[in-house]
Structures are given as structure tokens and as C-alpha cells.
1. Show the residue pairs meeting these rules: Cβ distance below 7 Å; 6+ apart or different chains; first residue within the range 303-316 and aromatic (Phe, Trp, Tyr); second residue open to solvent by 20 Å² or more (accessible area, probe 1.4 Å).
2. Could you give every pair whose Cβ atoms fall below 8 Å, whose first residue belongs to the range 463-475 and is over 19 Å from ASN486 (Cβ atoms), and whose second residue is open to solvent by less than 40 Å² (accessible area, probe 1.4 Å) and among the hydroxyl-bearing types (Ser, Thr, Tyr), counting only separations of at least 6 or pairs across chains?
3. Report, ordered by the first and then the second residue, all pairs with beta carbons closer than 9 Å, sequence separation of six or more or different chains, a first member in the range 230-255 that is closer than 26 Å to THR319 by Cβ and in a loop (DSSP other than H, G, I, E, B), and a second member that is of a type in the set (Lys, Arg) and open to solvent by 70 Å² or more (accessible area, probe 1.4 Å).
4. Starting from the range 477-500, keep only residues that are more than 14 Å from GLU421 (Cα to Cα) and in contact (Cβ under 8 Å) with a residue 24 or more places away in the chain, then list their pairs with residues that are open to solvent by 90 Å² or more (accessible area, probe 1.4 Å) and among the aliphatic types (A, V, I, L, M) whose Cβ atoms are within a distance under 7 Å, requiring at least 6 positions of separation or different chains.
5. Identify, please: which residue in the range 292-312 is in a strand (DSSP E or B) and of a type in the set (Lys, Arg) and is, among those, surrounded by the most Cβ atoms within 10 Å (Cβ to Cβ)?
6. Among the residues of the range 436-452, are any in a loop (DSSP other than H, G, I, E, B), closer than 23 Å to TRP383 by Cα and either more than 49 Å from the chain's Cα centre (by Cα) or not hydroxyl-bearing (Ser, Thr, Tyr) (or both)?
7. Looking at the range 454-491 only, could you name the residues that are charged (D, E, K, R) and surrounded by fewer than 14 Cβ atoms within 10 Å (Cβ to Cβ)?
8. For the range 31-39, check the following and say yes or no: at least one residue is among the hydroxyl-bearing types (Ser, Thr, Tyr) and surrounded by 14 or more Cβ atoms within 10 Å (Cβ to Cβ).
Amino acid sequence: MAQRFVTIWFRHLLTDWFILRQPALRHVPFVLSAPDHGRMMITAASHMALLSGIEPGMVVADARAIIPSLEVIDDQPGLADKLLKAIAEWCIRYTNIVAIDPPDGIILNVTGCAHLWGGEMKYIKDINQRLKSRGYDTRATMADTIGAAWAIAHYGNSSPIIENGCQMETLLPLPPSALRLESDTTDRLHKLGLHQIRHFIGMPRTALRRRFGKEMILKMDQALGNEEESICSVEPIEPWRERLPCPEPIVTADGIEIALNLLLDKICKRLQQEGMGIRQAVFSGFRADNKIVKIEIGTNRATHNPKHLYKLFEDKISTIEPEPGIELFMMEALKTDKCFSKQEKLWDTTTGLEDPGLSELMDRLTNRFSNQPIYRFLPAEHWMPEKSFKESISLSESPATGWMIDRPRPVQLLPRPQPIEVTAPIPDYPPMNFRWQGKLHKIKKADGPERIEQEWWIRNGPLRDYYAVEDEEGQRYWLFRSGHYNEDRIPKWYLHGFFA
């Protein structure tokens, strides 16, 4: 399939932006200016100012001699790039690959996209109409190459679409500057009487390269399609992305559900063919008022089961506000992983962590109660209780070591040990009572000590002597003494956990 590109030229990008914020400027000539070597120079001129002979590059004083009432506004450095980037991100509704083309353009790789809008002409028309409705004077064109599309946008007077393979005949009557050449090169071409591309495109390449440099040959080849030209998208290209444009804006929950089902079916079929599954996905809706609404889900194990994924999104559909209508839906798999289908046994069933039902249940609970996520913990290779476990990244992760089950451990372990006041015989007898949060607990039963020390390669803290104790109310606690008793220092006591 031949590649297709769209270039969008903003004829008055900066001045259009100022008019949007100050509508009164629409009816007066005005310019933007910036200091340059002690003089105020015009950097951009409105349409009315251009009609009066004011052009960028003029001195403000000279422009005021032509129009005494000329409105002069300070230019904002970097504003053009910020505007182009914001508009380029908005244009992602039309294609995955959108790049800015400073100082006043945007480039879209639209290969395989136009049919979703009913054809290339409707595609171009939709882009132009929407940008003009936002207040920008634009010209969007489409061709097989970026160079040809750019040339017809800036200098062409014919159709905004160049048919496949027709860039040569379209470029011939255009001036040399349509090839995006440097001004010095175009000036030299004009001095030689080469006023149109047809006058020199057939000349020997060696002569052109010797006279005008290799850059001119490169631009010609890029415009004709003999040399590939790459662009840098404003957003990383997601390989797993599906789009669904709507003939009419969708405002109902039923319409959103239908779109969600269609996109999940499409992306899951692609993932299944590649042996991949979704770990994280986002469902986006592009509204008619240029806002984007989205919902996001995650899974514990990679899956390409559209029914299961739909159930995860279903609980969040009510949070989507479609007004004044969603014109385009998009599904993106932000994170994927290998997804292998396991062979089923006739007389055996999958149980435990390998049971897909468990994974799907955890996915539904995690996405429904996102503020209270579900964790799975695995043993870690550390002796200290607070370091002896770690959070698992998935259900399929295997433990590096086994759980320590030779000694009792509390059901609930505090994130940080809490200091307590203890009365205890020395040196190694269990405590008789302890005070925690202002309450005195008299100990009825005790077991210990169990000595736990840091690993020899760490050694960044004192040893601990742990005791399992039970108070008069039957509550059981896990206490420890930090360090040895000695004459110079009284060790501190801490509460670290609770038994059932």
C-alpha cells in the first residue's frame, strides 16, 4: 500500500490565536513584534495588515508610516511551537502519527485512515472544517509524499488531493520554493530564469548538485517519492490502537457500549494472532467540543478475551460524559504481554493461581474498587520481618524462596514498629506489662525470645529479640526489644504486629 500524507498549513497561526482571545482584533490591522538589534521587528501580521502591504520582517516604525493606527502586540517566544503541539495532539483523532512542521504546519501520516471517514475528500474536508470552526485559517492537502502535499498546500490552486503517483505533473508548474528550498537557492534559480520546477527538474543531477548543492537533490527526490522522508510523532506510536469514527455524534450509553464492544473485538483479534494479551488498556472518546473522555482498566494476567475486558470497562462507562456527543472512539492497549493458550486435559481442571477464573475475579475486584487495590505478596530473601515479603507484579510470578513457617508470625504486621513502654526483668525475660497509646496491657502469657538479626552483608541496625505475648483480655501481640541490655544503655521496646 502506498503511503499517504496530509500537510496542514496555518496561514495566520499566531494572529488567529490572538483573535480568538481578543475578538475585537478581527476588525483592525495588527502585528506581532519582537526586538532585534535595537529595533522592533514584525514577526507576524494579521490578514488585514497583509492586505495593506505590511509583511513579517518589516520594522514597526515603517509599518506605522503605512498604517498610523496599526495595533502592535508583543510576540511571545515559543508560542507557535506550543500551539502546533496542542493542535497536533488534537489531530490524533485522525491518525496515530502526527508531527509538527514549524513554524506554521502539521504533518499527518494518514495511510489507511481516510476510508474510515468515507474517502479522502471527506477526510480532508472534515479536517479543514473543524480547524476553521476553531478559528484557524488553514489549507490541508494530501499526497503520496510530504513534499508534494506541502507544495500543493502552499502554492497549488487545484484540488487539495494529489492522486497516487501523480506528484510529478502536479509539481511541474509550481515555483522552486514549493520544494522547501533555502531562499538563497530559490533566488539563484530565479536569476537564471528557472521560475518553475519544470524548467530544471529534467536537468542532469550532477549539474544541479554541483551548482545548487545536494540539499536541492534531496528535496526533489523526497517530493517525487524517490527518497523516504520520516517524521517524529508528537506522541509515541502505540502498536495496539483501534479507531471507530461515528457518522453522527454518540450521546447515549447504548451507543458507547456498542462502540466499546466493536473496538474490543478488533483489538483482541489482532492480539490473539500475535500471541499477545492486554495488561492495561484505555478507552477514549473524542467529543464534538474538542474534549477527550476516557476510562482505563488493568489486568493481573495478560488476556485477549473481549468479554472479560468488556466487564472491566462496563462498571466505568457511567463515568463517561458524552455531551455534546462523541465523534470518534479509540481503544489503546497501553501495556501488553505474552499470552499463551494452555492445553486442556480431559480429566483435569486448572486450579489455584493458574485458574483463569481467579485472575478474572481479581481483575473485576481491582477495577471496581480501584481505591482499595488487591495485593499478592511473595516471600523475600530477608530475615527482618518488614523486609521478608514483597508485592508480586502478577499472578504468574514465582517466589524466589519459601515462606518461613517454623515460627509463629502475626496476621497483621505494622508498616513501622510502634514504640511502647515496657516493664520487664533483665536481661532476657519476657515483659510483665507494656503501655501502648496510653493503655496499660498486663501480660498473662509470653513466649520467646526469638532473636532476629540483619544479614551479615547489611548490618545497619541492632539485633531484635521478639516475644509473642497475650494480655488479660486475650489479645495477642508481637513485641521486640531492640539491642542488648548493658549498663550504659537501656534498650527500647516496640510493638510490631497482632496475632488473630
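1. Pairs that qualify, where the first residue is aromatic (Phe, Trp, Tyr) and the partner is open to solvent by 20 Å² or more (accessible area, probe 1.4 Å), are TYR310/ASN261.
2. Here the result reads ALA468/TYR477; VAL469/TYR477; GLU470/TYR477; ASP471/TYR477, each pair linking the range 463-475 to a residue that is open to solvent by less than 40 Å² (accessible area, probe 1.4 Å) and among the hydroxyl-bearing types (Ser, Thr, Tyr).
3. TRP240/ARG270
4. Short answer, once both residue conditions are applied: TYR485/ILE426; PHE498/VAL411; PHE499/VAL411; ALA500/VAL411.
5. ARG301
6. Looking for residues that are in a loop (DSSP other than H, G, I, E, B), closer than 23 Å to TRP383 by Cα and either more than 49 Å from the chain's Cα centre (by Cα) or not hydroxyl-bearing (Ser, Thr, Tyr) (or both), one finds none in the range 436-452, hence no.
7. Once the filter is applied, which keeps residues that are charged (D, E, K, R) and surrounded by fewer than 14 Cβ atoms within 10 Å (Cβ to Cβ), the range 454-491 yields GLU455, ARG459, GLU472, GLU473, GLU487, ASP488, ARG489.
8. To start, the set of residues in the range 31-39 that are among the hydroxyl-bearing types (Ser, Thr, Tyr) comprises 33.
With surrounded by 14 or more Cβ atoms within 10 Å (Cβ to Cβ) added as a condition, the list becomes 33.
The answer is yes, given that some residue of the range 31-39 is among the hydroxyl-bearing types (Ser, Thr, Tyr) and surrounded by 14 or more Cβ atoms within 10 Å (Cβ to Cβ).
The values are calculated or read from the model by the stated rules, or taken from the named source; none is laboratory data. Not measured: the values here are computed from a predicted model. As a convention, Cβ positions derive from the backbone with ideal geometry for all residues, glycine included, and neighbour counts pool all protein chains shown. Accessible surface is based on the protein model in full, side chains and every heavy atom, while ligands, DNA and RNA are left aside. Shrake-Rupley method; radii C 1.70, N 1.55, O 1.52, S 1.80 Å.
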